[in-house]
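Asks: Here it is, the structure in full.
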Amino acid sequence: MSELLRVEHLRKYFKTPSGLLHAVDDISLSINKGDTLGVVGESGCGKSTLGRVILKLLEPTDGRIFFEGRDITRVTDKEKVGLRRRMQIIFQDPYASLNPRMSVMDLIADPLRTFRLYNRAGRREKAFALMDMVGLSRRFASSYPHELDGGRRQRIGVARALALDPTFIVCDEPVSSLDVSIQAQILNLLQDLQEQQGLTYIFVTHDLSVVKHISTDILVMYVGAMVEKCEAKELFARPLHPYTKGLLSAIPVPSIDHVREKVVLRGELTSPVEPKPECRFAARCPYATDICRREFPVYAEVLGNHFVACHHVREINALE
Ligand SMILES: Nc1ncnc2c1ncn2[C@@H]1O[C@H](COP(=O)(O)OP(=O)(O)OP(=O)(O)O)[C@@H](O)[C@H]1O
Ligand code: SF4
Ligand SMILES: [Mg+2]
């Protein structure tokens, strides 16, 4: 198992009229080849910004990014173009991200044209092969995005992401805009493609149940910061952070003897603008004490390969 991506103390701050907005605040992670890291958290917690900074679509404020063993934190525009072929993104809303005036064939061949790959006939061949790969019938080649349903539109998004044979894809809520019945089809497709092509994913979602089966590890974010990270199975079996417990309480549990301690997520999210030195979850946390409102909790390994940022994680979970 070799490491494909490593991120160290990554920060992305935006200047806003009311002060610096800490969209991504000290995130560190690593992903091995062929694995999927699920990144979970509520709207606005910085998931998309994290994905975009890693893909070099946004410049980081601080921290470092290593990809395929190379430091890519600061790269030239020319090097960025090279990275585009290796690292791709699948967007949440395929409709908004696809040019409505381009046919399916042109949309899928577009990345090949941008990178001047193949001649016209070759691009057509490759686009058809990509359509086969993503389960989009060739009869849709001359259709336009608005003529297709959401699932087929997202298959175009997947085909475009795969066109340049990348090794790494940020899937940014790729099923959130789809009907539940279609979600599983797209998730299965992404998993099959991962196996066939040896792809590595970051899978961003606000919905933990979506990443349960496809993630190797899961990172839970809250207002820009990491609150918990461990193997996916471990997170569902033994969530340690009160926020993760809250997210899991919101998922219906089918088995009746699987009673989980409930943490209900009430109240507003803390503002990411000029955050105070405190636990950002304190305003909503049933276990919050003075220290939580005074000091940022350190993100540390609490159990083997299970990392949590919470002052009271041991008491809450009755750990030694
Ligand atoms: N270009 C920008 N300028 C200023 N603030 C920004 C910018 N982009 C994002 N933000 C802010 O950064 C924070 C994180 O946004 P981001 O889109 O990364 O969250 P997210 O977790 O992807 O949310 P969602 O689930 O809604 O997609 C939010 O507070 C957002 O308002
Ligand atoms: S540090 Fe305090 S407020 Fe934050 S999650 Fe832990 S107990 Fe709750
Ligand atoms: Mg987002």
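Asks: Starting from the Cα of Lys245, draw a straight line to each of the aspartates and glutamates and keep only those under 15 Å, dropping any in the same chain fewer than 8 residues away.
Replies: Hits, sequence-local ones excluded: Glu42, Asp207, Glu228, Glu234, Glu261, Glu315.
Asks: So for segment 142-297, averaging the separation of alpha carbon pairs under 8 Å that are six or more residues apart and normalising by length, what relative contact order in percent results? Mind dumping the intermediate values first?
Replies: Details: 152 pairs, mean separation 21.4, N = 156.
Once divided by the residue count of segment 142-297, the mean separation gives 14 percent.
Asks: With a 1.4 Å probe and all protein chains kept in place, how much accessible area does Arg86 have, in Å² rounded to the nearest 10?
Replies: Its heavy atoms expose roughly 80 Å² to the probe.
Asks: Follow-up. Looking at segment 12-120, how many pairs of lysines come closer than 16 Å at the Cα, when each pair is eight or more places apart or spans two chains?
Replies: Values: Lys12/Lys47; Lys12/Lys56; Lys47/Lys56; Lys56/Lys78; Lys56/Lys80.
For segment 12-120, qualifying lysine pairs total 5.
Asks: Quick one: accessible surface of Ile65, probe radius 1.4 Å, all protein chains present, in square angstrom to the nearest 10.
Replies: The value for Ile65 is about 0 Å².
Asks: Would you list His22, His306 from the most to the least accessible area, probe 1.4 Å? Each step should come with its number before you reach the end.
Replies: Details: His22 30, His306 0 Å².
Greatest to least solvent exposure: His22, His306.
Asks: Just to confirm my numbers, what's the Cα centroid distance between segment 1-61 and segment 122-157 in Å?
Replies: Going from one Cα centre to the other spans 31 Å.
Asks: Please give the solvent-accessible surface of Arg74 in Å², to the nearest 10, using a probe radius of 1.4 Å with every protein chain present.
Replies: Number for this one is 150 Å².
Asks: I'm checking a number: the convex hull volume of the Cα atoms of segment 114-221, normalised per residue, in Å³. What is it?
Replies: In segment 114-221, the Cα convex hull volume per residue is 120 Å³.
Asks: Where the Cα atoms of segment 119-162 are projected onto their three principal axes, how long is each span, largest first, in whole Å?
Replies: Taking max minus min along each principal axis of the Cα atoms, segment 119-162 gives 30, 19, 14 Å.
Asks: Sort by residue number and report every cysteine in the chain with no other cysteine beta carbon within a distance under 4.7 Å.
Replies: Unpaired cysteines in the chain: Cys45, Cys171, Cys230, Cys285, Cys310.
Asks: Further question: Counting only protein chains, not ligands or nucleic acids, how are Val211, Val298 ordered by accessible area (probe 1.4 Å), most first? Write down the numbers at each step before the final one.
Replies: Working: Val211 0, Val298 110 Å².
Putting Val211, Val298 in descending order of accessible area: Val298, Val211.
Asks: On to the next question. Calculate for the chain the 222 nm mean residue ellipticity that helices alone would give, adding -39,500 (n - 2.57) per DSSP H run of length 4 or more and normalising by residue count, nearest 500 deg cm²/dmol.
Replies: Value at 222 nm, helices only: -9000 deg cm²/dmol.
Asks: Could you work out the relative contact order of the chain? I mean the mean sequence separation of Cα pairs under 8 Å and 6+ apart, divided by the number of residues, in percent. Don't skip to the end; give the middle numbers.
Replies: Numbers: 578 pairs, mean separation 63.7, N = 320.
Answer for the chain is 20 percent.
Asks: Moving to a separate point now. On a 1.4 Å probe surface of the protein chains, which of Phe140, Phe14 comes out largest in accessible area, and what is the full order? Please list the in-between numbers first.
Replies: On the way: Phe140 25, Phe14 70 Å².
Output order, biggest surface exposure first: Phe14, Phe140.
Asks: Right, next: Please compute the per residue accessible area over the chain with all protein chains in place, 1.4 Å probe, rounded to a whole number of Å².
Replies: Working: 15420 Å² over 320 residues.
Heavy-atom SASA per residue in the chain reads 48 Å².
Asks: Could you work out what % of the accessible surface of the chain is carbon and sulfur, using a 1.4 angstrom probe and leaving DNA, RNA and ligands out of the count? Walk me through the intermediate numbers first.
Replies: Values: 7770 of 15420 Å².
In the chain, the share of accessible area belonging to carbon and sulfur is 50 percent.
Asks: Kindly give Rg over Rh for the chain, based on alpha-carbon atoms, with the Kirkwood expression for the hydrodynamic radius. Write down the numbers at each step before the final one.
Replies: Numbers: Rg = 20.7 Å, Rh = 20.8 Å.
That ratio equals 0.99.
The values are calculated or read from the model by the stated rules, or taken from the named source; none is laboratory data. None of these values were measured; they are calculated from a predicted model. Cβ atoms come from the backbone with ideal geometry, glycine included; neighbour counts cover every protein chain shown. The area values use the complete protein model at the heavy-atom level, side chains included, leaving out ligands, DNA and RNA. Shrake-Rupley method; radii C 1.70, N 1.55, O 1.52, S 1.80 Å.
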